[in-house]
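Report on the following structure.
The values are calculated or read from the model by the stated rules, or taken from the named source; none is laboratory data. As the structure is a computational prediction, the values presented were derived from the model and not from experiment. Methodologically, a virtual Cβ is constructed for each residue, glycine included, from the backbone with ideal geometry; neighbour enumeration extends over all protein chains shown.
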Amino acid sequence: MHQNTGLSAENLSVAYGERVAVKNISLSFENKQVTALIGPSGCGKSTFLRSLNRMNDLIPGCKVTGDIWIRDKNINSPQTDVVSLRQRIGMVWQRPNPFHKSIYENIAFGPRYHGTKKKKDLDDIVEQSLLKAALWEETKDRLHNSALALSGGQQQRLCIARSIAVKPDIILMDEPASALDPVSTSKIEELIAELKREYCIVIVTHNMHQAARVSDKTAFFLNGEVVEYDATPTIFTNPRKPETNDYITGRFG
């Protein structure tokens, strides 16, 4: 039943204590597509995104109910190995968070942790990941320098390279360009367009123009619910729901 989708959530709810942040959401994400999650601050988009690779497990008092499927596996089952799950579902955060290590070690860390030991194999993974993240030409002569010496935009591309290095199926991005300048932002957007040839990508963004530029489908969140989910051009030019139209046209949010 879940074979065609990269990832799907069924009847997913998330509560922090008494406060329900995400209410009974069902969404499917296709392989080789970008899905944007949009909506005003506090509407549940980032909470929903973090549920997709069990990041909310780390928050005390957070309760998640419902199912999340990768193909025929329910990742919310207690038997799920969360470490290998996060290998399959990469995460890129709002602010670049490179390790306090060299550029090379930032990328080799994950594959080494998951069992790749040979230097040649690690060298290949580092090069391929940096190439895919459009960062190889800028870093190939300083792989053993600190990642913290890179610019903000380069650091974010490094974090994308780091998530690619463990060969995920899905990449989650939580406002990946909101801390960056316009030039770096456009590089990240170009990169997303390239990466979707290989990955299922789900991106939370406050920037409606960005959602319109990078995504194939868009889900509009409001008060912890999905109001509307459709092809991106439809959401932005011909939404069915008045709340979507009000948000798109800037009447609120």
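Here's a check for you: in segment 184-214, which residue that is more than 25 Å from residue 87 (Cα to Cα), hydrophobic (A, V, I, L, M, F, W, C) and modelled with pLDDT of 95 or more is farthest from the chain's Cα centre (by Cα)?
This residue is 212.
Give me a count of the residues in segment 4-34 that are farther than 23 Å from residue 82 by Cα and buried (at least 23 other Cβ atoms within 10 Å of the Cβ).
Total satisfying the criteria: 1.
Just checking, does segment 63-75 include any residue being assigned to a strand (DSSP E or B), in contact with a Phe, Trp or Tyr (Cβ under 7 Å, 6 or more places away or on another chain) and surrounded by 21 or more Cβ atoms within 10 Å (Cβ to Cβ)?
Taking segment 63-75 first, the residues assigned to a strand (DSSP E or B) are 63-70, 73-74.
Subset that is in contact with a Phe, Trp or Tyr (Cβ under 7 Å, 6 or more places away or on another chain): none.
Checking segment 63-75: not a single residue is assigned to a strand (DSSP E or B), in contact with a Phe, Trp or Tyr (Cβ under 7 Å, 6 or more places away or on another chain) and surrounded by 21 or more Cβ atoms within 10 Å (Cβ to Cβ).
Can you work out which of the residues in segment 78-108 that are part of a helix (DSSP H, G or I) and of a type in the set (Lys, Arg) is surrounded by the fewest Cβ atoms within 10 Å (Cβ to Cβ)? So that I can check it myself, show each step before the final result.
Start the filter on segment 78-108 by keeping residues that are part of a helix (DSSP H, G or I), which leaves 82-88, 103-108.
Narrowing further to those that are of a type in the set (Lys, Arg): 86, 88.
On the way: 86: 18, 88: 16.
Checked segment 78-108; the qualifying residue surrounded by the fewest Cβ atoms within 10 Å (Cβ to Cβ) is 88.
List the pairs whose first member sits in segment 148-171 and is farther than 11 Å from residue 91 by Cβ, whose second member is assigned to a helix (DSSP H, G or I) and among the β-branched types (Val, Ile, Thr), and whose Cβ atoms are under 6 Å apart, counting only residues at least 6 apart or on separate chains?
Filtered contacts from segment 148-171: 161/107; 165/107; 165/125.
With the requirement that a residue be buried (at least 16 other Cβ atoms within 10 Å of the Cβ), among the small types (Gly, Ala, Ser) and part of a loop (DSSP other than H, G, I, E, B), what does segment 109-156 give you?
Matches in segment 109-156: 133, 134.
Quickly run through segment 35-56 and pick out the residues that are surrounded by 22 or more Cβ atoms within 10 Å (Cβ to Cβ) and in contact with a His (Cβ under 8 Å, 6 or more places away or on another chain).
Of everything in segment 35-56, just one residue is surrounded by 22 or more Cβ atoms within 10 Å (Cβ to Cβ) and in contact with a His (Cβ under 8 Å, 6 or more places away or on another chain), namely 38.
Could you grab me the full set of residues in segment 188-207 that are closer than 22 Å to residue 21 by Cα and hydrophobic (A, V, I, L, M, F, W, C)?
Within segment 188-207, 202, 203, 204 meet the criteria.
For segment 171-183, give me each residue that is touching a Ser or Thr at 6+ places or on another chain (Cβ under 7 Å) and not in a loop (DSSP other than H, G, I, E, B).
The answer is 171, 174.
Being more than 17 Å from residue 39 (Cβ to Cβ) and touching a strand residue (DSSP E or B) at 6+ places or on another chain (Cβ under 8 Å) narrows it down to one of 217, 196, 187, 241, so name that one.
196 is the lone residue from the list that is more than 17 Å from residue 39 (Cβ to Cβ) and touching a strand residue (DSSP E or B) at 6+ places or on another chain (Cβ under 8 Å).
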